[in-house]
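What follows is calculated from the coordinates using simple rules that are stated; it is not laboratory data. Keep in mind that this is a model prediction, so the values were computed, not measured. When we count neighbours, we look across all protein chains shown, and the Cβ atoms used for this are built from the backbone with ideal geometry, even at glycine.
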Amino acid sequence: MKKNNKEEIIKWAKEVLKTEKKGIDDLSRNLNNSFVKVIDAISSCRGRVVVTGMGKAGIIGQKFSATLSSTGSSSFWLHAAEAVHGDLGSVREDDVVVVLSYSGETDEIKNLIPFIKKIGAKIIAITGNIKSNLACYSDSVVNVKVDKEACALGLAPTTSTTAMLAICDAISVVLQKIKGFKEKDFAFFHPRGSLGRKLLLKVKDIMRKGKSNPIVSENALVKEVIVKITTAHAGAATIVNGNKKLIGIFTDGDLRRNLEKYPNLLEEKIKKVMTKNPITVCDNDLASEVLKILEKKKIDEVPVVDKNYYPTGMLDIQDLIVAGVV
């Protein structure tokens with residue numbers, strides 16, 4: 001294999017992108033009422049959106065089904081070949097079956113269509129051949145025909161699969177808008193993703209409590225408080241009055257600031273050197289909102305209190321980092 005220069009490699013890559021871009025541009029210009037009919041069929045579906053296909057189109061179909069599911073449309077992937085070997089039993093009359101096949105003449109697809117028709121589910125075809133067997137037996141058709149593949153031989157599915165992917169994304173996003181699907185809904189379906197953590201995770205889920213949250217009396221000595229903080233592997237202690245209500249916080253910063261001011265700092269009572277009336281948060285607050293408070297106030301930890309101002313925990317910036325909120 002000959003060694004190619006950088007200019008030639010970049011040139012070839014640009015040709016591929018240019019060809020695929022043209023395919024999507026043509027697809028956009030040719031959108032018509034058939035696309036609207038597809039949207040109406042899926043949005044009014046009382047069952048699920050079943051997506052099927054073979055080969056490269058099937059791979060696009062799997063991504064399409066996953067996108068639908070994560071944006072509020074109940075969907076599952078059905079392998080066209082496995083369908084006629086038992087998996088067809090998962091399809092119901094109320095479902096909409098989206099079939100992806102560029103040629104529309106794939107044997108597995110042609111074998112599957114009569115059985116879907118017998119079940120009574122609506123069929124939507126996403127194909128590049130509107131005169132195909134698939135298109136003829138479908139209730140709605142989206143034409144994704146492209147002028148040419150980006151493949152150097154004009155054979156491997158490239159532009160055609162890009163067009164399929166783009167139209168599937170368009171369908172998913174339009175349905176998302178129709179359903180009024182919001183960030184909080186997306187987060188609900190992605191609870192372990194970064195957005196889910198930011199929109200769903202609450203202070204009570206990650207705050208330090210119990211032995212990890214030192215709470216001391218206002219009359220405790222500084223040296224006693226430092227021992228409790230160290231034992232708890234914490235960065236601060238919550239200070240309470242005789243009624244067990246929060247009145248202050250003592251941090252590493254307070255310790256450093258008072259070292260020169262009080263020669264016998266370790267023997268002083270904590271109420272003398274603590275930060276009084278600190279910023280507090282509630283355990284039901286969103287962790288992402290508390291992060292904003294910490295950043296704005298330039299502090300590393302904040303006490304957590306209940307509605308009566310009794311301390312229930314402590315939230316440290318490190319807790320937010322570990323939880324993936326930062």
For the chain, with a Gaussian network of springs between Cα atoms less than 10 Å apart, report the residue from G23, G128, G86 with the top mean-square fluctuation. G86
Test of understanding: extend the Cα→C-beta vector of T280 to 7 Å, then name every residue of region 228-243 with backbone N under 12 Å from that spot. 238-241, 243
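Considering only DSSP beta bridges where both residues belong to the chain, give the percentage that are antiparallel (nearest 5). The partial results should precede the final answer.
On the way: 15 of 39 bridges.
Just about 40 percent of them are antiparallel.
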Any idea what angle helix 6-29 forms with the longest principal axis of the chain, computed on alpha-carbon atoms, 0 to 90 degrees, nearest 10? 80 degrees
Using alpha-carbon pairs under 8 Å, 6+ residues apart, how would you state the relative contact order of region 6-181 in percent? 26 percent
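Any idea what diffusion coefficient the chain gets from Stokes-Einstein, in µm²/s, Kirkwood Rh on alpha carbon pairs, 25 °C, 0.890 mPa s?
It comes out at roughly 100 µm²/s.
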Interchain or sequence-distant (5+) residues whose placed amide H lies within less than 5 Å of the amide H of A150 are T158, T159, S160
Can you give the convex hull volume of the alpha carbon atoms of region 6-181 per residue, in Å³? 119 Å³
Alpha-carbon Rg with Dmax, taken over region 203-322, Å: 13.6, 41
Residues with amide H under 5 Å from that of V98, placed H, sequence gap 5 or more: V50, V51, T52, I124
Long-range amide H partners of V141 with built H, under 5 Å: A125
Taking the Cα atoms only, what angle lies between the long axis of helix 33-43 and the longest principal axis of the chain, rounded to 10 degrees? 50 degrees
Which whole number of Å³ per residue matches the convex hull of the alpha-carbon atoms in region 75-156? 101 Å³
